[in-house]
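This report refers to the structure that appears directly beneath it.
The numbers here are math on the coordinates, done by the rules we state, and not lab data. Model, not experiment: these values are computed from the prediction. Because the Cβ atoms are built from the backbone with ideal geometry, glycine has one as well, and the counts that use them run over all protein chains shown.
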Amino acid sequence: MVGSFACEIMRIGAADLLRDLDLTDDELRRVLDLAAEVKRNPAEYRSALAGKSIAMIFEKPSLRTRLTFELAIKQLGGDSLLMDGPVGVREPLKDVARNLDRWVNGIVARVFAQTTIEGLAEWSSVPVINALSDLYHPCQALADMQTVRERCGELRGLKLAFVGDGNNVAHSLMLTASRLGMDFALACPPGYTPNPDIVAQAEALAAISGTSLCVTEDPARALGGAHAVYTDVWTSMGQEQEAGMRRRAFAPYQVNEELMALARPDAVFMHCLPAKRGEEVSDPVIESGQSVVFDQAENRLHAQKALLLMML
Ligand code: CP
Ligand code: NVA
């Protein structure tokens, strides 16, 4: 335990958060509890990162992740330094990591390839946090679970349905929901299924939790009984050249009023944002009273504060 705050802060065992499973089950629950506490009581933590500097590397665009990390670091009394553009082009990745290691107390990185963030962690001794890679978006999943808990209460026994691309956001959600006792179902077209190794990991976690995990082509099967319906863009950053093909493949998977009606009547609609209205979600759904997308965006701030407090 560290610090002298109203809520004792447990240090995370793993040096880095490169993937969701770097947090133990217990640490995952504690991050969510601390996120709720810092949201209630932000002033308590205003100098928790005093004297600490965190480098933020963004190889891809960002609104939410970049600004909520900057704001979180500022509101915790630390400093952030931004570096955008590709890493490992002007000089080797291992040299970038070893430079940063001499200057800063932590690294937050949004990268194209998971191997890049793994290289940063390998070649530096400071905590490295994955701010989205091709495989995972762990900070998003934390904020999302905080949001579902606020809206729906105890997570155990709830069902989260994801309709769309079996990609980074879906991977992090399935790993996290399965550990927290939620049933998880994903509907996607053939050819856009999640990574089989990550599905196998999530299935193993679901078996331990006694929950169900299903990957299907049938949105109705995924949505039946869902307390939360989640979608993400059909074309992720870096896949722009596939946009036309993806629009055709995903057309039956748009979360519109017809699809929402297949979930529980009180289901919340979730999206990591940015959203493409008219593609993965219809305008009436994202603008409806069921939509919690801006709560998710707000909770990025609180969940990342909790993570920074527990890792730094
Ligand atoms: N949800 C999310 O990560 O948003 P940004 O791409 O704007 O950071
Ligand atoms: N799957 C999306 C998520 C953006 C937050 C992407 O990788 O572009």
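Quick look at the values:
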item	result
Two-decimal Rg/Rh across segment 1-153, once Rg and the Kirkwood Rh are taken from alpha-carbon atoms	0.95
Förster radius 45 Å - calculated FRET efficiency between Gln241 and Ala43, Cβ distance, rounded to 0.05	0.40
Listed residue pairs exceeding 27 Å between alpha carbons, taken from Lys60/Lys276; Lys52/Lys276; Lys60/Lys94; Lys39/Lys159; Lys39/Lys94	Lys52/Lys276; Lys39/Lys94
Per-selection metrics, the chain (Cα): Rg and Dmax in Å	18.8, 55
Value at 222 nm in deg cm²/dmol, rounded to 500, when DSSP H runs of n ≥ 4 in the chain each add -39,500 (n - 2.57)	-12500 deg cm²/dmol
The chain, dipole about Cα centre (Lys/Arg Cβ +1, Asp/Glu Cβ -1), debye to the nearest 20	560 debye
Antiparallel bridge percentage (DSSP; both residues within the chain; nearest 5)	5 percent
Convex hull of Cα atoms in segment 171-309, direction-averaged projection (nm²)	9.1 nm²
Centre separation in Å (Cα based) which lies between segment 250-312 and segment 61-99	26 Å
Cβ-based exposure ranking for Ile117, Ile9, Ile57, Ile208, in which fewest neighbours within 10 Å come first	Ile208, Ile9, Ile57, Ile117
Per residue Cα convex hull volume in Å³ - calculated over segment 1-64	133 Å³
